[in-house]
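Report on the following structure.
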Amino acid sequence: MYRMVLQSLLDRLLHKIVWRDSVTEPIRTFVLNTVTYGTASAPYLATKCLQRLADEGKNSHPAAADMLSGVDDIEEGKVLIKEMIELLQSAGFSLRKWNSNSKELPSEVPEDLRDERSILELDSSSSSVKTLGLTWEPSTDSFRFSSPMWNESTEITKRCVLSDASRLFDPLGLVGPVIIQAKIFLQDLWKQDCGWDDPLELQLQEYWREYRRNLASLDGIAVPRWIGISRIVVAVELHGFCDVSNKAYGACVFIRTTATAPLENLKKNKKSLSTPRLELSSALLLAHLYEKIYKQHQRYCQMLLLGRLNHRYLLAFVVAI
């Protein structure tokens, strides 16, 4: 991504490298024309380019201009994919690793640009450091967790605990009540004023090993990604909760949404009919039914009006209808 963003001519003079293939060759100086990974400004410049692109494309590509978005149906998804690819390609960006919680939408993307994985890692950890990974499962449209692999043979020290705690990746705060236990344990170690590499007491070492083993239980937790916001929502409420103890305090917010009708068909976006409208529909059905039966059995109705149809025949006639 960075290599597709050009730097201004003045800034390029500040991005030079010297190079030679061997000690016998003369040193050559190269000027880097594009944003370089590792510089402090690289993330800002790349992100700013996306923001500028979205601003310039809000009229020609309105769906794609809202980069953080979703859609309510397949047709909207097709439009979003088309606009995203066109808008990003206009700036030299090629979008890859497409995936969706819909089985139909990925077919709109060229095969070489799709991501066929069933589980997608959402954390930015490198392969050398395995964190408590936040993953997305497209088939169920839910977030899941993958616990780290621990080295059970090492002796537990304060440095070891700090290293383990830093590997717990929870950007959305979904497992905050679990991770806070690691932070509380670290606070207790600071109070004991133990050295970084001094082995902890056996009881504390066993506590930390047990904590690491229990983290594996998070692998079975699934959190729905969709929070219920769509066009059919008529009201959105925010409910906040907080609590405190002598060791920690925290807060969370829940979103409560109200749809237009409890029995609404979300797939076809059809609203359920009201009772008065259903009563009118049933009355219309009765009128059509009466008209059809009257024409087909006019002679029997005339006999009824003249008193020539006995009650037993009338009952049988009504039941047959």
Projected-area average for region 161-212 over all orientations - Cα convex hull basis, square nanometres: 3.7
Links that overshoot a 27 Å alpha carbon limit, given the list LYS16/LYS58; LYS82/LYS103; LYS58/LYS78: LYS16/LYS58
Ordering of 109-121, 166-178, 239-251 by packing [mean C-beta count within 10 Å, highest first]: 166-178, 109-121, 239-251
For VAL23, solvent-accessible area (1.4 Å; no DNA, RNA or ligand), Å²: 120
Sum of side-chain charges, GLY57 neighbourhood, beta-carbon under 12 Å (Lys, Arg +1; Asp, Glu -1): -3
GluC sites (Glu not before Pro) within region 192-241, DSSP loop, no more than 16 other Cβ atoms inside 10 Å: GLU201
Whole-Å distance, taken between Cα centres, linking region 188-249 and region 33-101: 34
Per residue accessible area in Å² of region 6-100, where ligands, DNA and RNA are left out and the probe is 1.4 Å: 70
Chymotrypsin sites (Phe, Trp or Tyr not before Pro) within region 178-238: DSSP coil, no more than 13 neighbouring Cβ in 10 Å: TRP196, TRP226
Convex hull per residue volume in Å³, alpha carbons only, for region 189-254: 147
Cleavage-rule hits, trypsin sites (Lys or Arg not before Pro), region 1-108, DSSP coil, Cβ neighbours within 10 Å at most 10: ARG20, LYS103
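The values are calculated or read from the model by the stated rules, or taken from the named source; none is laboratory data. Owing to the predicted nature of the structure, the values given are computational and were not obtained by experimental measurement. Cβ sites come from the backbone with ideal geometry, for glycine too, and all protein chains shown count toward neighbours. Surface accessibility is based on the protein's heavy atoms, side chains included, excluding ligands, DNA and RNA. Shrake-Rupley method; radii C 1.70, N 1.55, O 1.52, S 1.80 Å.
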